[in-house]
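The values are calculated or read from the model by the stated rules, or taken from the named source; none is laboratory data. Just so it is clear, the structure is predicted and the values come from calculations on it, not from any experiment. All Cβ positions, glycine included, derive from the backbone under ideal geometry; neighbour counts span all protein chains shown.
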Amino acid sequence: MTKKQAPKKRTLASRVESKEYAASSGATTKRATTYKGAAKKAVPLLGKTPKQEDYINALASYDQVIVYGPAGTGKTYIAATKACNLYLTKSIDKIIITRPNVPAGPTLGLFKGTMEEKMDEWVKPVFEVLVKHLSLGAVETGIKLGNIEVIPFETMRGRSFEDAFIILDEAQNVTPHEMKMFLTRMGDNCTVVLNGDIQQSDIKGNSGLATATHLADKYNIPIAVIEFGVEDIVRSALCKQWIIAFMKEGV
């Protein structure tokens, strides 16, 4: 983990002094809705590898975290679980999920349905974690009330977010200019996770995820950067073997 200078603590004027203050004091955001059948307690979040522990600690200590590495290392699961815990304890008002609509291969064409229905397949990995921890009813109600938002990346310009946990999944597929637009949307009491695998970029040209990582280091921007390796793959033994094989072949 690349540690940066610790960010300044917020004052009580922004509702809570910090994420730790909110958790320890019972301070909450303005969201007061209780969902029938929703989980009542935070989900234990324990790392299976030392680097996963670094990731979990970074999410508790930094406003923005860049995390990248091979598939099966828990990048999305840990971020979504952390979002659920902050949502359950009402330390945030919203969970925001977005990702670039860049297919991994030949496209099937346009999806039918509402905006949410069109985005469903794109963000399903995150949604599955939310449903697991919050319940399907809580997630559906959160979407209806606007507390859980799925935002197409192409519509992010002009938005501004506060009291939210924002996950940009597959961040390797945004351009540097798109990354600039995204990172300047964030207001007070936000946790932002840029999650991706730079080795699996599906766009031509430079990856915005690689650019953000470089700029954070060059200008000493106070965020955390977590890089997973093959030793952190926990999905399955076969998943790990396949990734190692493809990496050795340069694929």
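For every residue, the table says whether it meets (1) over 24 Å from Met179 (Cα atoms); (2) among the hydrophobic types (A, V, I, L, M, F, W, C); (3) at pLDDT 90 or above; (4) not in a strand (DSSP E or B).
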| residue | (1), (2), (3), (4) |
| --- | --- |
| Thr33 | yes, no, no, yes |
| Ala42 | yes, yes, no, yes |
| Leu45 | yes, yes, yes, yes |
| Gln52 | yes, no, yes, yes |
| Thr76 | no, no, yes, yes |
Taking the range 130-147 and keeping only residues that are buried (at least 20 other Cβ atoms within 10 Å of the Cβ) and without any contact (Cβ under 8 Å) to a residue 60 or more places away in the chain, one is left with Leu130, Val139
| message | Given the criteria under 17 Å from the mean Cα position of the chain (by Cα) and surrounded by fewer than 17 Cβ atoms within 10 Å (Cβ to Cβ), does Thr184 qualify? | response | yes
When the range 185-228 is checked residue by residue, the ones that are among the aliphatic types (A, V, I, L, M) and without any contact (Cβ under 8 Å) to a residue 24 or more places away in the chain are Leu215
For the range 237-248, pairs from a residue that is surrounded by 12 or more Cβ atoms within 10 Å (Cβ to Cβ) to a residue that is in a helix (DSSP H, G or I), with Cβ under 9 Å and 6 or more apart or across chains, are Lys240/Val230; Lys240/Glu231; Ile243/Val230; Ile244/Val230; Met247/Gln199; Met247/Val230
